[in-house]
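Any read-out appearing in this document is the output of simple, stated calculations on the displayed coordinates, not a laboratory observation. Remember, it's a predicted structure, so these values are computed and weren't measured experimentally. Please note: Cβ atoms are built from the backbone with ideal geometry, for glycine as well, and neighbour counts cover all protein chains shown.
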Amino acid sequence: MTLEARANAHDDDPVRRAVLDEARRFKASWVDLAEVLADVKADGNWERWGFPSFEDYARRELFLRPETVDKLLGSFGFLRRTAPKVLDRDGIQDPIPSYQSVDFLKRAEESEGVDDATREEIRRRVLDDAAPLPSLAKRFRDVVAPASPRSNGVRGAATRLRELVAKAEGVERAVVDEVLRALSRLLEALGDEAEK
């Protein structure tokens, strides 16, 4: 029985119904947030609300880091294109993978260094089992995003620079946002799993 069906079966008990409804919303919350963010970005609502960029809107109004927004939107778009039925899951009976796990799958599918069998195993573990990012990274990180000692140094420097740039004063916000996006893309290319 789906969570929605369970909730409907308890219409006579408003407290139980409310708890079931909230549990469903909680389990699907990243998908719901990503969907409305995608709409806001596509429709340009942030301009009407007086923000100079979508990134500025997400950071100042929602307190979301640009790299988090990028992963949310990227993961949502990836699922919409490649596995749309996952977006219809209730989150409890049929688990929804985390946006971080979907992002890992997305990178695996985009990587030329991942063979078909490994790509399918990652896809199954993410989409069917809703495997958490730490277990995926532990098992597949060296295949999806192999690190070299040099890239580890670059990762550390880019992470620190991202922290410093985010606190920059006296610099136009659009410039700061552009640099933060570039650093986030660099960290993603290096296989940064710090964003959990």
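Rounded to the nearest angstrom and listed largest first, the equivalent-ellipsoid semi-axes of the stretch 62-115 from its Cα gyration tensor are 19, 18, 9.
How much length is gained if the chain between S135 and L62 is pulled fully straight, taking 0.36 nm per residue apart and subtracting their Cα-Cα distance, in nm to one decimal?
23.4 nm
Highest GNM mean-square fluctuation, the chain, Cα pairs closer than 10 Å: which of E172, E22, E163? Of E172, E22, E163, the most mobile in the Gaussian network model is E172.
Spin-label pair A157-A18: with each label point 7 Å from Cα along the Cα-Cβ axis, the two points sit 5.5 nm from one another. Considering only D56, D39, D177, the Gaussian network model of the chain with Cα springs below 10 Å gives its largest mean-square fluctuation to D39. For the pair K41 and A189, label points projected 7 Å from Cα toward Cβ lie 1.9 nm apart.
Every Cα-Cα pair of the chain was included, and the share exceeding 26 Å stands at 43 percent. With helices defined as uninterrupted DSSP H runs, which ones in the chain have an alpha carbon span along their own long axis of at least 15 Å and mean Kyte-Doolittle hydropathy of at least -0.5? Passing helices, by number: 29-43, 66-82, 149-166, 173-189.
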